[in-house]
Amino acid sequence: MRFFLSLADRFRPKVCCAWLLTVATSAACTVTPARDLGPLQPQTPARLAAVDWAAAGDEAVAWLSAYLQVDTTNPPGNETRGAEFLKAILAKEGIDGEILEFAPGRGSLVARLAGSGAEKPLCLMSHIDVVTAESANWAPGRGPLSGAIADGYVWGRGALDMKGQGILELAAMVQLKRHKIPLKRDVVLLAVADEEVDNLGTRFLIDKHWARIGCSHLLNEGGIGIRDVVYPGQTVFGVSVAEKGLLWLKMTARGKAGHGSTQLPGRAPDRLLQALDKLRARQLVAAVHPSLYESLAAAGRHGGGATGYVLQRPWLVDTLAVGKLMEEPGSRAMLANTCSITGFSGMHQPNVVPSEVSAQLDCRLLPGLKPEALLQELQALVGDDQVSWQVLHQAQATESPTDDPLFLALARHVLVGRSDAVVGPLLSVGFTDSMYARQVGVRAYGFLPVAVTRQVAETMHGADERMPVVEFKRGIRVLYGALLDVAAE
Ligand SMILES: [Zn+2]
C-alpha cells in the first residue's frame, strides 16, 4: 500500500498535460515478462520417483554431520583431509577421485562420472575450506566442529558455506551412479581448497589442470532461498548469474614530515583525510541489473497487491523502489559501484607527522564498468597530485547468461512442489571461485537450493551456522532433478 500512496503523491503534481500522462502511463504499463522455465525432460519424473528419498536424505545428513567434524578451517586449511573424506565416500560407490595439491595438505578433489561426451562436462563445485569461528559464541554442544544434529538443523562451520552444498552435490552424483543413469556429458565433482582466503585451489586447477577438467558449465555457491524477504511467507530463490568486479587500492598522500606540536597545512595525514572526505561524499548512481528487475517481478507476480503491481514494472521500480533500496547498505551494494575504506597505514609516533600515510580501499564494480574507468573517476574526484594510487588487485565483473539450460533446470526444479516460492537470477556483490572459472569461458551459476530465514542466512561466517535438515534433504532432489535434465540422455 505504501508504494501506491507514493505513486499517487508522485503523479498528482507532475501530470500537467495529456501527452505526459500518455508517456508515463505507457512506460508504467511495461511489465517485466515471466520467464518460461521450460518443461522437465520426459524421463526425469520417473527417474526422480525411483529414488528412496527418505533414505537418501538421512544418508546425506549423516555425511554432512561427519564432514563438518573434519577440521578444514582456513587458515591454515588442511583441505586434503576433507578431500580424503569425500573421496572415501565416492570410492564405496565405485567413483574414482583424484586429489590435487597446490601445497602440502592443500588438496582439491576431482571426481568424474563419465558420460558419452555428446556435451562438454558439467562441474559441481564446492570449497572444502571454511572460515574461522569463535566457538565461545556458539550454542553449547553445537560448536563449529560438532556436526551436531539438533532442533531440525545440522550445526557447524561450513553447514551453509559451503560443506552443505558439497554434500548435496556428492549425494546427487551418487544417485546418478547408483541408478546407472546414462549421461550425455561427464559430471565432475570439484571440491576445492582455499576459496575463503586466496582462491589458490581453483586458480591452481585452472592454471594446471583445466584442459582435462574441461567443463563448460559449473554449479557453485552464490545464491540461496530467503524467506520473508519481500512478502511474509514467500521464499525468493536467487540463482547467482553475475558477480561484481573488484578494485582494491592503496591511496598514499605525501607531505613534509615534521613535529606534531605545530599545525602546518598540506601535511600527509591532512591530505589523506581531505581525499577520503571527497571519496565519502561521492554521489552513487543507481543502476539496476536486469536480474533484479526479473527477480522483483517474480516476487511481485506471486505476492500480488499494490506492491506486486510496482515490482513487475521496471519504470515504477526505478521511480518508487530504487531510492529506498539505495538507503539500505545491502541492497545499495547491488545497485552501485561502491568503495569502502578498509584500513590505514603509515603512523609512527604520536608527535611525528609522517611524510607518507596510506588508506586502503575496497571498490566493487557492477558489470560493464572497467576497473581502470573507476580508478580514473576516483583520481579526478580527489584531484590532488600529492596523492598517489596503487592498484593492489583488480578484476572486472563476470556474468553468465540466463537463457542457459543449467540456469533454467535449477530454477525449474527448485519450484517443484512449492507454492510458497519464486525464483530469479541474482547479481552477487561478492566474488567466488566462479569469477576465475568465468574468466576462462565457463558458464557458472551460484545456487544452494535450500530455503532459510534471513536470520539463519546471516550465520554464514558468524556464530551458530546451521543447515535446516528438511530443506537440505529437499535440496538433493532439486539438484538431482536438474542434473537429470541437463546431463542425462
Ligand atoms: Zn563460500
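Tell me, what ³J(HN,Hα) does each residue in the range 428-437 have, in order and in whole Hz, if you take phi through Karplus 6.51 cos²θ - 1.76 cosθ + 1.60 with θ = phi - 60° and put x for Gly and Pro?
Per residue, the Karplus-derived 3J(HN,Hα) values read 7, 7, x, 10, 10, 4, 4, 4, 5, 5 Hz.
Going by how many other Cβ atoms sit within 10 Å of their own, how do M347, M162 line up, fewest first? Don't jump to the answer; show the numbers that get you there.
On the way: M347 10, M162 27.
Listed from fewest to most nearby Cβ atoms, that is M347, M162.
Suppose every Lys and Arg Cβ carries +1 and every Asp and Glu Cβ carries -1, with no other charges. What dipole size does the chain come out with about its Cα centre, to the nearest 20 debye?
Details: 48 positive and 50 negative charges, 192 e Å.
Dipole about the Cα centre, nearest 20: 920 debye.
Can you list residues whose amide H is under 5 Å from S146's amide H, if they're 5+ apart or on another chain and H is modeled 1.01 Å from N?
Those lying under 5 Å, H to H, from S146 are R157.
For K92 paired with Q41, estimate the spin-label separation in nm (one decimal), with each label point 7 Å from Cα along the Cα-to-Cβ line.
It is 2.8 nm.
So what's the gap between the Cα centers of the range 144-159 and the range 208-245, to the nearest angstrom?
First find each Cα centre; the distance between them is then 23 Å.
Local charge sum around C363 (other residues, Cβ-Cβ under 15 Å, Lys/Arg +1, Asp/Glu -1)? If you can, show how the numbers build up before the last one.
Values: positive: K244, K250, K278, R280, R282, R332, R364, K370; negative: E243, D362, E372, E377.
It works out to a net charge of +4.
Return, ordered by residue number, the residues of the range 238-281 whose backbone nitrogen is under 13 Å from a label point located 7 Å along Cα→Cβ of F344.
What the label zone holds, given the 13 Å backbone N cut-off, is 253, 268-277.
Check each of the GluC sites (Glu not before Pro) in the range 57-146 and keep only those in coil by DSSP with at most 13 other C-beta atoms within 10 angstrom; list them in order.
On the way: sites: E59, E79, E84, E93, E98, E101, E119, E134; in loops: E93, E119, E134.
Hits after loop and neighbour filter: E134.
In this model, which of K244/K473; K92/K208; K244/K278; K120/K180; K177/K244; K184/K244 are farther than 25 Å apart at the alpha-carbon?
Working: K244/K473 31 Å; K92/K208 28 Å; K244/K278 23 Å; K120/K180 19 Å; K177/K244 36 Å; K184/K244 33 Å.
Violating the 25 Å limit, Cα to Cα: K244/K473; K92/K208; K177/K244; K184/K244.
Sort D71, D403 so that the residue with the fewest other Cβ atoms within 10 Å of its own Cβ comes first and the one with the most comes last. Don't skip to the end; give the middle numbers.
Working: D71 14, D403 8.
Least to most surrounded, the residues fall as D403, D71.
Along the range 33-40, what does the Karplus equation 6.51 cos²θ - 1.76 cosθ + 1.60 (θ = phi - 60°) give for ³J(HN,Hα), rounded to whole Hz, x for Gly and Pro?
x, 6, 7, 7, 7, x, x, 5
Which whole-number percentage describes the relative contact order of the chain, with Cα contacts under 8 Å and a sequence gap of 6 or more?
Details: 1005 pairs, mean separation 120.1, N = 489.
Computed over the chain, the figure is 25 percent.
A short reminder: the numbers here are calculations on the coordinates, not readings from a lab. Just so it is clear, the model here is predicted, and its values are computed rather than measured. Cβ atoms come from the backbone with ideal geometry, glycine included; neighbour counts cover every protein chain shown.
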